[in-house]
Structures are given as structure tokens and as C-alpha cells.
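Single-structure report; data block below.
Every read-out reported here was derived from the displayed coordinates using simple, explicitly stated rules and does not represent laboratory data. Please read these numbers as outputs of a predicted model, since none were measured by experiment. Using ideal geometry, Cβ is built from the backbone for each residue, glycine included, and neighbour counts are taken over all protein chains shown.
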There are 2 protein chains.
Amino acid sequence: MKKIINDPESVVEEMLHGMAVSQPQYVTKLEGFNVMVRTTQKKGKVALVSGGGSGHEPSHGGYVGKGMLDAAVAGAVFTSPTPDQIYEAIKAVDTGAGVLLIIKNYTGDVMNFEMAAEMAEADGITVEKVVTQDDVAVENSTWTTGRRGIAGTVLVHKIAGAKAEMGASLTEVKQTAENVIANERSMGMAILPCTVPAAGKPSFILADDEMEIGMGIHGEPGTHREKIQTADGIAQQLVDKILAEGIYHSGDEVAVMVNGLGATPLMELYIVSGKVQAILQEKGIQMVKTYVGNYMTSLEMAGCSVTLLKLDAELKNLLLAPADTPAFVQY
Amino acid sequence: MKKIINDPESVVEEMLHGMAVSQPQYVTKLEGFNVMVRTTQKKGKVALVSGGGSGHEPSHGGYVGKGMLDAAVAGAVFTSPTPDQIYEAIKAVDTGAGVLLIIKNYTGDVMNFEMAAEMAEADGITVEKVVTQDDVAVENSTWTTGRRGIAGTVLVHKIAGAKAEMGASLTEVKQTAENVIANERSMGMAILPCTVPAAGKPSFILADDEMEIGMGIHGEPGTHREKIQTADGIAQQLVDKILAEGIYHSGDEVAVMVNGLGATPLMELYIVSGKVQAILQEKGIQMVKTYVGNYMTSLEMAGCSVTLLKLDAELKNLLLAPADTPAFVQY
């Protein structure tokens, strides 16, 4: 294992510390907890809390700031944060308008966020939750019942965050988040594994000429392995699986995210994105906005995912609204 | 070689195409040339042109847009763009106020940008140039006489870009760029090599427990190899070498960039950044703004660089000015 770290056991704490001291204008670490909160809280606004296992940076601490999240809870690498950490995050950011939890669909995350919500509700805080499940690869997986939540989660942060920033109620913000979840789908693949620091060895092995289609962001099995294809072949396969959902049609406006899993050069992501655009254009689907980069990673895994989100007038408006966070800035 | 590409010979063209169709609001590919230009040119403004070999994405096409570059010229991977390509870029973006070329100090780049400048001047276009040479690792290197230009180049784009956007003259913009160059220093290291697509094999080999200090962004030799250290040890070594330049003192205000070389997880960059901040704080140096991420990469090389820039009142103001480009957005 080759990594630039001090101690496999303290990577999360050190990362959060590094983030807090590097970008204090955006984020502050909650004393004694692995929770990043907005440095400048907006009073009276519905607060958004997300999080999950670490190793997916910039998810989720990188999205704490204006127009996105109010707090992000960081578990150990690829491990759900504990309920007490989530509970502290909720308490720290509630200003009376209630808190929306945005949870990726992994059994541990769902359970721990729910327990935290109950603890907060016992304190009189109103808490609602949504669960992202954008990954169309498989129905159940290593740590998941149902579909996994992956890069599409970032678009929920963006759009629900914009809705909250505009002063909407908790019910409205939740409804908007659910509207995003209903209209977004993702599909990923990997060519090289990652190594969890505390494990010290790769989480799976692929042959030199092999790729895995539908790989999860923790290295969970996908739909199948096959000989590595061209970028165009990979893009086609990912988009085909998403379009097979039957929710994207000619004339629809969509947002596209071509997401890198950590070690994939931006050059390769742009090559994939070029093909994704060509496929969608041929189908008559309109690309309103495309994001290309590392949004939901798996440490140094090499691979990518594609996310499509169908936009109605409201979602489009909220997607294009300003955001100002460490990893997502938009005018 | 495991990469998500179609053909090693066409990666640059396909990347630029992908970028143009993905983010048309920002950039347009100059028909027939590997040049990205601002989609919305600002008339009467001094134009900034940069570029170099590809493989350093988001440098430089990712910095084309409001408050930064007007055009970026992309050579083959790790290969200088030809003078005719640079000449086309200059012609495309000059609106009469002149053009500043921002060149990283590699012999081929300097020669080809100079030839292009002469061609443009023969057409009556006023062209000035600055050469970045922020890398303190070595004095001469594989493709360089003097010091190499690396991640600090992005801060030149940012600050000179802001100066041009505010309506300054070519002489003033050049002076500002030179002020940045005089006050910035960088130092990098690598733990894993990258593979140029057309070469098909890694550009160097490091043992499993080895790192190279002072590695160039094309895999050029650094100062030495040694057993891999902790993140703190690495940060200390990089910052020490920069501080040995004797230009950063207690009370100074600085900008900091902790730059990933492509495959380094953001988690690791934040751990390094935490230590960089601690070292500077102990020296009494004030961090005004810190950038942590992939700004000047080397394909999928794993490693990082640290850049410091001493800020006077003008540089600080320009650094913090807005920018809106595919890879650098700032309010």
C-alpha cells in the first residue's frame, strides 16, 4: 500500500482537520466529532445534513456551504458514521426550521441516520429524511437492500440545498429532494481497485485486461466483469443501462454528471463525456448542464460513473442556482 | 496500461472535443486546431493565452473563462504545442489590446510560444510573454534550462486574468504576472508514476517503499529518492525546501496550493494541507487562501506539490476576485 498518510487509523480525523484549517471560510469541524458544519450558518433556513463513510471525497464535507449542505458527518473509511455523530450534526445546524437528512442507501447509513433522527426528535427537532438510490447496476448488494446511492447524491445536495437556501419549508425541501431522486439514475465501472488504509491491501483484484461494470463505490460487485473496452464502448454500456430505465425521452432536458472514482485522469473523463453527449444528442435528449470531475470517489479507484437527471422547470432553476462550497462553486 | 480511452493517438483531440460539447457555456474548440477559446470573448480586454503539453488537466483548458485565460493550446501528451497552433490561438483571441503568453519554463514550450509570438507580431498583434519557473526542486532538468514551471502557473492565470478582466493594459497585466512569478515557489513529490498513452508503459519505476522528491510533472528526475515517509514528513520536506528560498517571512500573507498529481485521493491532499498550515502558522506566516485539489496533474501520477505565493495588497485583491471557468470557479 502506497499512500500519503501518517497513520491508517487517523486518516479521517486528520483529513477533517486539514479541511477545517485550509478552508475556514467555508467549513468548521465540530469540536470532538467528525462533523463538518458551515462556518456561517443561515438562521431560519431548513438545514441539510448528509454524510456516510469516508473515502468518497469531496463527498460529503466538500459540499458544505452556501446553497448545499449545512453539515456532513464522516464515518471511518467506507463505514457508516455512528448515530451519536449524526445526532451532534443535526443539533449543531438546526435553527428551528427543521433538518433534512440525505442518506445514501446503505443498510448501516440508513439505520444510523434513522437512530440519530429519533434522538433529535426526542429533543424536539423536526427531522425528515430522503434516501438516494440512483445506481441502476444491481438491486441488492453487499451492504445494501435495494439500489445503492452513488454520485447522484451530489445532485440532491445541490438542488435541495438551493431550495432550502431560497427559504422553502422542510416539507417543500424534502419533496424537491424526492423529485431529484425519482428522476436521476447512475451507472459506474472500474478498471483498478482502491485500498482502504486500515486494510492495507486492495479491496478486489481485476486482471490486467479486465474491467468491472456496475462496480459499487466501496468495491461491491457489479453486474459482470469483461475485457476492458474503449472509452466509447464503456460510455455506451453505462448510458444504455441508464436509458433502459425508460424515464429519459426525446425532448427531455437533463443534467449529466461524468464522475471520476479518484484516480482517473480528467482527460479520460472528458473523452467519456464526449461520447455520452453524442449518445444523448442522437436520442434527442437536451443537455442543460454537464459536470465532469471527481464528485463521489472511492479513494484511488480508477473508473467512472455517469449520472442523468431529468429536469423540470423547478429542478432546472435550482440546479443552476448559485452554490459556494469547498468542492462545488457555481455562479 | 489500463486507461479509459479509445485510441492512444487521438486522446488530445477527443478530450478537447469532450470538453467543448460538455461545457459549451465556457469553452469552444477552435475548428481544426487543438485550441480551446472562451465562448464569450470580452472585447477590448488584454487576452491571456497559455498551454503546453496535454496530460496536466485541468491545465490549461480548464482555466479558460471569465477572470482567467482567453485561450489554451494543447500539445500532444507531455509535448509542446507547435507554433502554428499557438499562433492560431493568439489570432483568435486578440481584440486589439494585445496578448500575454503565459509559458511554463520548458525549452520546447518557450521556443514554440516565442515563434508563434513572432508570427503574430508580423501580423501587427502586440504580444508579450512571461515564463513561470516556480519549481524549486532542481535548476536544470530533462527538458528545462533553469527552473521548471509547475502548479504555480495556475496562480499566474488567476491573478493576471483578474487584472486583465479589470481592464488593465498589456504592460500592466504582464507586470502583475511577473510579480506573481517572482513571489511564488513550488515543490513536488511522487509515489507512483504515470503512463503516457502512446508510450504504453510507466515513465519511471519506484520501488514499493520508495518516493521521489522534487519529481517533475512529466516524470523528470527530482532531487533524490528515499523511503516513503509520513504525510507530515513529506509536507515538512516540501515546505522546508520552499522556505529555504528566503522570501517568506513571519507576518507575510500567502496563498497556498496543495496540488494533486492526478491519482492522489483528496483525503491525502487534505492531510498534507493540514501539516502545511501548521508549519506556516508556526513561522507566523498568514494563510489568506488555500486551494486543495487537482490543478496541475500528470495523468494518473500519485503525488502532490505545494505552492506558496506571497501576496501584496494588489495580488491579494486579484487572487480573491471572481473567476468562472470549467475548473476554477470563485465568487
Discussion item. Using Cα springs under 10 Å in a Gaussian network model of chain A, which residue among A:Ala120, A:Ala160, A:Ala278 shows the largest mean-square fluctuation?
Written reply: A:Ala278
Worksheet item: Mean projection of the alpha-carbon convex hull of the range B:8-182 over all orientations, in nm²?
Response: 9.1
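If you take every residue apart from A:Glu114 with its C-beta less than 11 Å away from the C-beta of A:Glu114, what net charge results, scoring Lys and Arg +1 and Asp and Glu -1?
Working: positive: A:Lys129; negative: A:Asp109, A:Glu118, A:Glu121.
Neighbour charge sum, excluding A:Glu114 itself: -2.
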Worksheet, complete the sentence: Shortest first and in nm, the label-point separations between B:Ala182 and its counterparts in the other identical copies (7 Å out along Cα→Cβ) come to 6.2
Worksheet entry | Estimated distance in nm for a label pair at B:Gln175 and A:Glu118, the labels positioned 7 Å out from Cα along Cα-to-Cβ | 6.9
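Estimate the FRET efficiency between A:Gln236 and A:Lys42 by the formula 1/(1 + (r/R0)^6), using the beta-carbon distance for r and 45 Å for R0, to the nearest 0.05. Let's see the in-between values first.
Working: r = 43 Å, r/R0 = 0.96.
The computed FRET efficiency comes out at 0.55.
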Practice prompt. Would you calculate the separation in nanometres between label points at A:Glu210 and A:Ala198, each defined as 7 Å from the Cα along the Cα-to-beta-carbon direction?
Written response: 2.8
Fill in: Ranked packing of A:308-316, B:211-219, most packed first, by mean Cβ within 10 Å
B:211-219, A:308-316
Discussion item. I'd like the FRET efficiency for B:Ala244 and A:Met111, computed as 1/(1 + (r/R0)^6) with the beta carbon distance as r and R0 of 35 Å, rounded to 0.05.
Written reply: 0.10
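Neighbour counts of other C-beta atoms within 10 Å: give me A:Ile247, B:Ile234 arranged from fewest to most.
Numbers: A:Ile247 14, B:Ile234 25.
With the fewest neighbours first, A:Ile247, B:Ile234 line up as A:Ile247, B:Ile234.
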Practice prompt. Can you pull a Stokes-Einstein diffusion coefficient for chain B at 4 °C (1.567 mPa s), Rh from Kirkwood over Cα pairs, as a whole number of µm²/s?
Written response: 66
Item to complete: Once the label point is placed 7 Å from Cα along Cβ, list for A:Thr145 the distances to the corresponding points in the other copies, in nm, shortest first.
Response: 7.2
Worksheet item: Roughly what % of DSSP beta bridges within the range A:226-331 run antiparallel, to the nearest 5?
Response: 55
Discussion item. Give the lysines reachable from A:Lys283 as a straight Cα distance under 21 Å; neighbours fewer than 8 places away on the same chain don't count.
Written reply: A:Lys241, A:Lys275, A:Lys310, A:Lys316
Discussion item. Could you tell me the calculated FRET efficiency between A:Thr145 and B:Asp7, based on Cβ-Cβ distance and R0 = 56 angstrom, to the nearest 0.05?
Written reply: 0.85
Worksheet item: In nanometres, what is the gap between the two model label sites at B:Gln281 and B:Asp312, each 7 Å from Cα along Cα-to-Cβ?
Response: 3.0
Worksheet item: Label-to-label distances across copies for B:Ala199, with labels 7 Å out along Cα→Cβ, in nm, shortest first?
Response: 3.1
Fill in: Taking all pairs of distinct alpha-carbon atoms in the protein assembly as shown, Kirkwood radius in angstrom
24.7
Response to the item:
Dividing the mean separation of Cα pairs under 8 Å (6+ apart) by the residue count of chain B yields a relative contact order in percent of 18
Worksheet item: Extent of the range B:1-110 along each principal axis, from alpha carbon coordinates, in Å, largest to smallest?
Response: 46, 33, 22
Fill in: Charged-residue dipole, Cβ positions (Lys, Arg, Asp, Glu), the range A:184-330 about Cα centre, Debye nearest 20
80
Worksheet entry | C-alpha center-to-center spacing [the range A:221-261, the range A:32-83] in angstrom | 28
